[in-house]
């Protein structure tokens, strides 16, 4: 989970017939991996946390447990944010069942390491008539190549649609007013200006 993407984890780990025998011996690992592949990161982290003591007792695994947990958690944070251009940290905090200050520190570390291409903004919101100022931290994605390409393509298509719709409305107004615009032609049959 720490070093494979979700598709690789599914094909190399969950659907691998040779590895299924090992997964039958440790069903909680299979459940955690399935939850991770299904983007249920809090379930994955919960399962792993419940079995942390078992992993710490293993003489081969124990020196690597903390690093693996950290990498899995970081990967889950990155994947949880990926589909969004903005997300409130309170949403991620409830999703990962982590206190907001701790999550903020983890997000800042991921941004500094370049694992999340985003910035952390604080926004002030005024709530109703009581005029209570609430500081709301928002994770805002920096446009990378793929996102900016999709945005540019969407903008271009919307502009073309707007022009076409404007042309159709103009034609409808002209038809409704029973006006007809003809191009002027010169005597030799060519269009003139």
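Filter the range 169-193 down to the residues that are surrounded by 10 or more Cβ atoms within 10 Å (Cβ to Cβ) and at pLDDT 75 or above and list them by number.
Within the range 169-193, 169, 170, 171, 172, 173, 174, 175 qualify.
Among the residues making up the range 5-43, those that are within 18 Å of the chain's Cα centre (by Cα) and under 20 Å from residue 96 (Cβ atoms) are 5, 6, 35, 36, 37, 38, 39, 40, 41, 42. With respect to (1) surrounded by 14 or more Cβ atoms within 10 Å (Cβ to Cβ); (2) closer than 30 Å to residue 149 by Cα; (3) modelled with pLDDT of 85 or more, the lone exception for residue 116 is condition (3). Looking at (1) touching a helix residue (DSSP H, G or I) at 6+ places or on another chain (Cβ under 6 Å); (2) part of a helix (DSSP H, G or I), which one does residue 68 not meet, given that it meets all the others? Against the list (1) touching a helix residue (DSSP H, G or I) at 6+ places or on another chain (Cβ under 6 Å); (2) part of a helix (DSSP H, G or I), residue 68 comes up short only on (1). A count restricted to the range 81-100 and to residues that are surrounded by 15 or more Cβ atoms within 10 Å (Cβ to Cβ) and assigned to a helix (DSSP H, G or I) stands at 6.
Only a single criterion out of (1) assigned to a helix (DSSP H, G or I); (2) loosely packed, with under 13 Cβ neighbours inside 10 Å is not satisfied by residue 75, namely (2). Go through (1) loosely packed, with under 12 Cβ neighbours inside 10 Å; (2) at pLDDT 85 or above; (3) not in a loop (DSSP other than H, G, I, E, B) one by one and return the number of the condition residue 60 breaks. Every condition holds for residue 60 apart from (3). Which one is farthest from residue 66 (Cα to Cα) among residues in the range 5-45 that are assigned to a helix (DSSP H, G or I) and in contact (Cβ under 8 Å) with a residue 40 or more places away in the chain? Step by step, filter the range 5-45, then rank; the result is 6.
The values are calculated or read from the model by the stated rules, or taken from the named source; none is laboratory data. Just so we're clear, the structure is a prediction, and the values are computed from it rather than from any experiment. Note: ideal-geometry Cβ built from the backbone for every residue, glycine included; neighbour counts use all protein chains shown.
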